[in-house]
Amino acid sequence: MRRFTAEELASYDGRDRRPAYVVYDGKVYDVTGSFLWKGGRHQAMHDAGLDLTRALLDAPHGPDLLARCPQVGVLEEPEADRT
Amino acid sequence: MAKVTREVVERAGVDVDQLLELLVKNASAELTTYYYYTILRVNLIGLQGEGIKEIAETARIEDRNHFEALVPRIYELGGKLPQDMKAFHDVSACPPAYLPKELGDTTELLKVLVEAERCAVRGYTQICNMTAGKDHRTYDLALAILNEEVEHESWFSEFLGEGPSGHYLRRGETSPFVSKFLK
């Protein structure tokens, strides 16, 4: 499975017809085809190209909805976080 | 626009532009759902379909009421609705509630209905969370709509056999929670 750095992920922001990817719990999901992620934006408050693990804690839904979208990779941990 | 209304909400710490975007998206979801439910309702036929037609009709009418109740609040806060109907449809907070491919399959139709209601429940929960203790009027409105959306979800969920819904038979007119905003 493809590994993404945070910088690579940021380019998948869904704008200008680019694909829209988001991360939850280290998994990269392709939300490009989701009606709820048109233009890389979700419910006026979340942007694609980012790790939304923390944001999902406050969302009115769980990760199960995100898991309906295809997983296309995993997010590499920053070097500082590796032990 | 009600200038002081917007000002007090901003001063309470609400991002009013973000709130307005959410209100417009949910207003769109209500109006488009009203449209799609019109099509779903007439396709509820046969012994199974006719049994749920009445609640589908009530949900349809109440979703239209939700749209009409949301519009004044959007304008009060200084927002506006898109001029183009297609643009309005495309910003909806919920996906279109299309007819399932198998028209005679009432269970598939119920799944479309319950998914639409669950999306609405999430949307108004989000608005309530944003406005609780900060924007009393929007909170009151979103909570009223949420109460009706929860009932809609319960009705359809019960028909899918997901478990007892806990609700009682509706009495009286439609929109028992939202009607105060329509007077």
| request: May I ask you to list the residues in segment A:32-65 that are within 14 Å of chain B (Cβ to nearest Cβ), within 18 Å of B:THR125 (Cβ to Cβ) and in contact with a strand residue (DSSP E or B) (Cβ under 7 Å, 6 or more places away or on another chain)? | output: A:LEU36, A:ALA55, A:LEU56, A:PRO63
| Sole residue being closer than 29 Å to B:LEU23 by Cβ, more than 11 Å from the chain's Cα centre (by Cα) and in contact (Cβ under 8 Å) with a residue 24 or more places away in the chain, chosen from A:GLY40, A:GLY33 | A:GLY33
| field | Qualifying positions in segment B:1-60 - among the acidic types (Asp, Glu) and within 25 Å of A:LYS38 (Cβ to Cβ) | value | B:ASP15, B:ASP17, B:GLU21, B:GLU30
| note | B:LEU143 passes all but one of the listed conditions (1) more than 17 Å from B:ALA27 (Cβ to Cβ); (2) in contact with a helix residue (DSSP H, G or I) (Cβ under 7 Å, 6 or more places away or on another chain); the exception is number (1)
| Given the conditions (1) in a helix (DSSP H, G or I); (2) within 13 Å of chain A (Cβ to nearest Cβ); (3) within 21 Å of B:VAL42 (Cα to Cα), and given that B:PHE156 satisfies all but one, which numbered condition is not satisfied? | (2)
| message | Test of understanding: among B:GLY49, B:GLY78, which residue is modelled with pLDDT under 95 and more than 23 Å from B:LEU146 (Cβ to Cβ)? | response | B:GLY49
| Residue check, A:ARG68 against (1) more than 10 Å from the chain's Cα centre (by Cα); (2) within 14 Å of chain B (Cβ to nearest Cβ); (3) surrounded by 16 or more Cβ atoms within 10 Å (Cβ to Cβ), all met but one. Which one? | (3)
| request: Residue by residue through segment B:97-132, note down the ones that are surrounded by fewer than 16 Cβ atoms within 10 Å (Cβ to Cβ), assigned to a loop (DSSP other than H, G, I, E, B) and touching a residue at least 40 places away in the same chain (Cβ under 8 Å). | output: B:TYR98, B:LEU99, B:LEU103, B:GLY104
| helices (runs of 4 or more DSSP H) lying entirely in segment B:4-94 (those with 3 or more residues that are away from chain A (no Cβ under 14 Å) and more than 15 Å from the chain's Cα centre (by Cα)) | B:16-42, B:46-76
| message | Can you confirm whether B:LYS111 is within 14 Å of another protein chain (Cβ to nearest Cβ), over 13 Å from the mean Cα position of the chain (by Cα) and among the basic types (Lys, Arg)? | response | yes
| task | Being of a type outside the set (Ser, Thr, Tyr) and crowded, with 21+ Cβ neighbours inside 10 Å narrows it down to one of B:LEU47, B:LEU40, so name that one. | result | B:LEU40
| query | Which members of segment B:83-107 meet the condition of being at pLDDT below 95 and over 19 Å from B:PHE159 (Cα atoms)? | reply | B:LYS101
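The values are calculated or read from the model by the stated rules, or taken from the named source; none is laboratory data. Everything numeric in this text was worked out from a predicted model, so none of it was measured. Neighbour counts are summed over all protein chains in view; Cβ atoms, including those assigned to glycine, are modelled from backbone coordinates with ideal geometry.
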